[in-house]
Amino acid sequence: MKTTSWPGIVLALSAAMLWGTTGTSQHFAGAHLSSVWIGALRLVIAAGFFALLVAVTERKPPPRVREAGLWRRQLLAGVAIALYNLAFFAGVRLAGVAVGTTIAIGSGPLFAGALQALVTRRPPVALWWLGTALAIAGGAAIALGSGGGGARVDVSGLLLCLGAGLSYAVYTLTAKALSQHASPARASLWVFATAALIALPAAWAIVPSGVGDLVAAGWRSWLVVAWLGIVATGVSYLLFSSALRFVSAATGVALALAEPLTAFTLAVLVLGEPLRASGVAGIVLILAGLALVIRSERPQ
C-alpha cells in the first residue's frame, strides 16, 4: 500500500462514521417531517454550508465550468446525489429499513468497482473484491440480525435501493474527476447546489403536505435537520471528496461500508438496542473486510 493513500483512507473512514449518525439522528427528529423532505432539506443546507465555506476560504477565481467538460460532470454528480436521496428513502420505505439499507449500501461498492473497471480500465484487485464482500456480508449480518429478515420483500423497493447504490457509485466516480479541477469545497458546492435544485421540487411533488410539516416541526426536529445538513452531509462529503484525491473511487465507496458499523454502535449505546451475536459477527466481518480493502490500495 502506498503511503500517500493513508490520508484518503482516514478521511473516507471519518466520512463514513459521520454518515453512520444519520439513522440515530432521525430517531430524535420525531414524526413531523417526512423522510423525503429531510433528504431534500439536508441537500439544501449542505449546499449553503459549501457556499459559505468557499466564500470564506477561497479567494482566487473559480475554474470555468465550461472547461474540460466540468459542467457535464457537475450535472451528472448532482443528479446522482439527488437520485440517491430519493431512491434510498423510497426504497427503504418499501423494502424495509434492514433489507433496504443492506441492498443500497452493499451494492454501491460493487457498482463502483464495475464502473471503475469499465471507465478507467483499472479494475480493483482481487483483494479489494474479497474485502468488499466481507464488509458487505458484515453489514448484512448487522441489518438482518436487527429483525429485518422475516418481512416480505418488495421488489420495487429492492430495485429502488439498487438504483440508490448505482447512483452513489456514479457520484463517486464523477466526484473524483471533479476533484482534479477544483477544491473539494468548490466541487461539492457545484454538486450539492445542483442536487438541491432537483430534490426540492421532487419532494414537493412526492409529499405536497411537507410544507405544512415544516411549519409544525419543533425546534428538536430542526436541530436534527441542521445536524444532518451541516455535519452528516456537508462535513462528511467534504471529507469524502478530499479522500478521493488520495484513493481510487472504488476504494472510497468500499471504505464507506464503515457506516453500518457506526450506525449499529450508536443504536446499541444511544438507543439501547440489544447487542446480538449477529451484530458482533457483523462487526468482525466489516473490520476484516475494511482491513483487506485498505491493504489492496497499492501503487497504480
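What to note about this one:
- Counted residues, the stretch 253-284 - those being touching a Pro at 6+ places or on another chain (Cβ under 9 Å) and either small (Gly, Ala, Ser) or at pLDDT below 85 (or both): 4
- Restricting the stretch 238-252 to residues that are assigned to a helix (DSSP H, G or I) and out of contact with any Phe, Trp or Tyr (no Cβ under 8 Å at 6 or more places or on another chain), the residue that is modelled with the lowest pLDDT: ALA249
- Reported count of residues in the stretch 1-35, each being assigned to a helix (DSSP H, G or I) and either modelled with pLDDT under 80 or under 15 Å from the mean Cα position of the chain (by Cα) (or both), is 18.
- Of the helices (runs of 4 or more DSSP H) contained entirely in the stretch 99-213, those carrying at least 1 residues that are under 16 Å from VAL293 (Cβ atoms) and not β-branched (Val, Ile, Thr) fall at 126-143, 155-178.
- Cross-chain or 6+ apart pairs with Cβ under 8 Å, the stretch 107-131 first and free of Cβ contacts under 8 Å to residues at least 24 places away in the same chain and of a type in the set (Gly, Ala, Ser), then surrounded by 15 or more Cβ atoms within 10 Å (Cβ to Cβ) and in a loop (DSSP other than H, G, I, E, B): ALA117/PRO124
- Taken over the stretch 134-165, residues that are buried (at least 22 other Cβ atoms within 10 Å of the Cβ) and either in contact with a Lys or Arg (Cβ under 7 Å, 6 or more places away or on another chain) or at pLDDT 80 or above (or both) amount to 11.
- Exactly one residue out of TRP128, TRP71 is modelled with pLDDT of 80 or more, in contact with a Ser or Thr (Cβ under 6 Å, 6 or more places away or on another chain), over 22 Å from GLY163 (Cα atoms) and aromatic (Phe, Trp, Tyr): that is TRP128.
The values are calculated or read from the model by the stated rules, or taken from the named source; none is laboratory data. Treat the numbers as computed from the prediction; the structure is a model and nothing was measured. Cβ coordinates were reconstructed from backbone atoms using ideal geometry, including for glycine residues, and neighbour counts include every protein chain displayed.
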